[in-house]
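Colleague: First, the structure itself, so that you have it in front of you.
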Amino acid sequence: MDAPLPSATARQALYREMSPLNLTPLWEVLHALVPPQPASPCVPAHWKYEEVRPYLKRAGEIITAEEAVRRVLILENPALRGQSAVTQSLYAGLQLILPGEVAPSHRHTQSALRFIVEGTGAYTAVDGERTTMHPGDFIITPSWTWHDHGNEVEEPVVWLDGLDIPMIRFFDAGFAENGAARSQSLTRPEGSSFARYGHNMAPVRGDAPFGATSPIFSYPYERSREALHQLERCAPLDAWDGYKLRYINPLTGGTPMPTLQPFLQRLPAGFDGQGWRQTDGAVYSVVEGAGTATIEGPKGTLRFDFQARDHFVVPSWQTLRLQSTAGCVLFSFTDRPVQQALGIHKEERLA
Ligand code: 1HN
């Protein structure tokens, strides 16, 4: 004998009556909870620098760095407005500091990376050491280190901030504190960290001053660009990536930051890349040149024609194809280290 079929009405009554007890049926949501493949709510987006810059300039006219604490325009994913997120796990923003300004000292458990977009000569200070910013430099603010920024030159300086804000929020694990002084006092001359750790050598009694984060907090563009240049001369071209390197923590060979993995890549002139997808959504900053990113997601295909200083985001598991007629250099970062620690990172290179 078959059991009587539960009617839709009986189901609705069950759901309604148990709801006050904060109970809900799994079978109504199971398919969405464990989708057959990643189904990111994020969408691809492109911020052209020529369109963003006037608003950065206006921000500079209506609020000081000091009053704002950090004068940043957040790059929000169009599908996640109001969440201060560029992907579900990553935060990105463009920060402006004008001549004479200081962004006061504070610290937080969120890790930050800076990628310098425009202007030379502002500084960031981390844990008692300053580093001077140049376009293309990749700079780290490790978790829970005091940091402040300042501009003692004559030109505005703009950089991309990449943080793990949404991840730390997800874990409800964030702490923050303001410094007693606007600018922290300096305990080491500029270049100390790089001198100790930046030459494929390390102190004999080498410690890890920032724990799981790299002891080098500035990776100058001059060096990274030269590495790509040499690679282009002597290594085979990768059909998907062009010439692509990941920044490393020299003490471990692994990621420079526990939550974020930055990359730098060069697409030579005439590059016509193949498509690939990966579970780590990526934020790109165009350093030099121009090109095209074609992103194929569940809702269709988007094509971004990018130029130097533009930014774009590629959501998890959407297929990206890069092309460049004139050649270009791209910086990017993702949450790959976290996915790798969890054993869930996956990428697929399409033929
Ligand atoms: C932060 O501390 C900085 O130090 C930039 O420059 C952006 C976004 C959210 C929270 C903290 C900075 C930030 C931030």
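The values are calculated or read from the model by the stated rules, or taken from the named source; none is laboratory data. Worth saying up front: this structure is predicted, and the values here are computed from it rather than measured. Positions of Cβ are generated from backbone atoms using ideal geometry, with glycine treated the same way; all protein chains shown enter the neighbour counts.
Colleague: Determine whether Ser192 is surrounded by fewer than 20 Cβ atoms within 10 Å (Cβ to Cβ) and of a type in the set (S, T, N, Q). Let's see the steps before the verdict.
Modeller: On the way: surrounded by fewer than 20 Cβ atoms within 10 Å (Cβ to Cβ): yes; of a type in the set (S, T, N, Q): yes.
So Ser192 fits the description; yes.
Colleague: Same structure again: Given the residues Val157, Val153, Val117, which is the only one that is β-branched (Val, Ile, Thr) and more than 23 Å from Arg188 (Cβ to Cβ)?
Modeller: Val117
Colleague: Please verify whether Arg169 is over 20 Å from Ala68 (Cβ atoms) and within 12 Å of the ligand (Cβ to nearest atom), treating the condition exactly as stated. First the steps, then the outcome.
Modeller: Working: over 20 Å from Ala68 (Cβ atoms): yes; within 12 Å of the ligand (Cβ to nearest atom): yes.
Taking the combined requirement at face value, the residue satisfies it.
Colleague: Which one is nearest to Gln339 (Cα to Cα), of the residues in region 58-94 that are small (Gly, Ala, Ser) and away from the ligand (no atom under 12 Å from the Cβ)?
Modeller: Going through the qualifying residues, I end up with Ser89.
Colleague: Can I ask one more? Are there any pairs, at least 6 apart or on different chains, whose C-beta atoms fall under 8 Å, with the first in region 125-151 and free of Cβ contacts under 8 Å to residues at least 40 places away in the same chain and the second part of a loop (DSSP other than H, G, I, E, B) and within 11 Å of the ligand (Cβ to nearest atom), and if so, which?
Modeller: Listed by first residue and then by second, the contacts come to Trp144/Thr109.
Matching residues to (1) at pLDDT 95 or above; (2) within 18 Å of Leu228 (Cβ to Cβ); (3) crowded, with 24+ Cβ neighbours inside 10 Å:
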position	(1), (2), (3)
Asn249	yes, no, no
Ser285	yes, yes, yes
Pro298	no, no, no
Arg303	yes, no, no
Phe331	yes, yes, yes
Pro337	yes, no, no
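Colleague: I've got another one for you. I'm checking my understanding of the structure. Among residues of region 110-165 that are of a type in the set (Gly, Ala, Ser) and outside any loop (DSSP other than H, G, I, E, B), which one is nearest to the ligand (Cβ to nearest atom)?
Modeller: Taking the candidates together, the pick is Ala112.
Colleague: Separate question: Could you pull out every one of the strands (runs of 3 or more DSSP E) wholly within region 1-97 that has 3 or more residues that are touching a residue at least 40 places away in the same chain (Cβ under 8 Å), under 25 Å from Asp280 (Cβ atoms) and in contact with a Gly (Cβ under 9 Å, 6 or more places away or on another chain)? Write out each step before concluding.
Modeller: Values: elements: 45-47, 72-74, 91-97.
It comes to 91-97.
Colleague: Based on this model, can you work out whether Glu177 counts as away from the ligand (no atom under 14 Å from the Cβ), surrounded by fewer than 20 Cβ atoms within 10 Å (Cβ to Cβ), over 19 Å from the mean Cα position of the chain (by Cα) and among the acidic types (Asp, Glu)?
Modeller: When the stated conditions are applied, Glu177 does not pass them.
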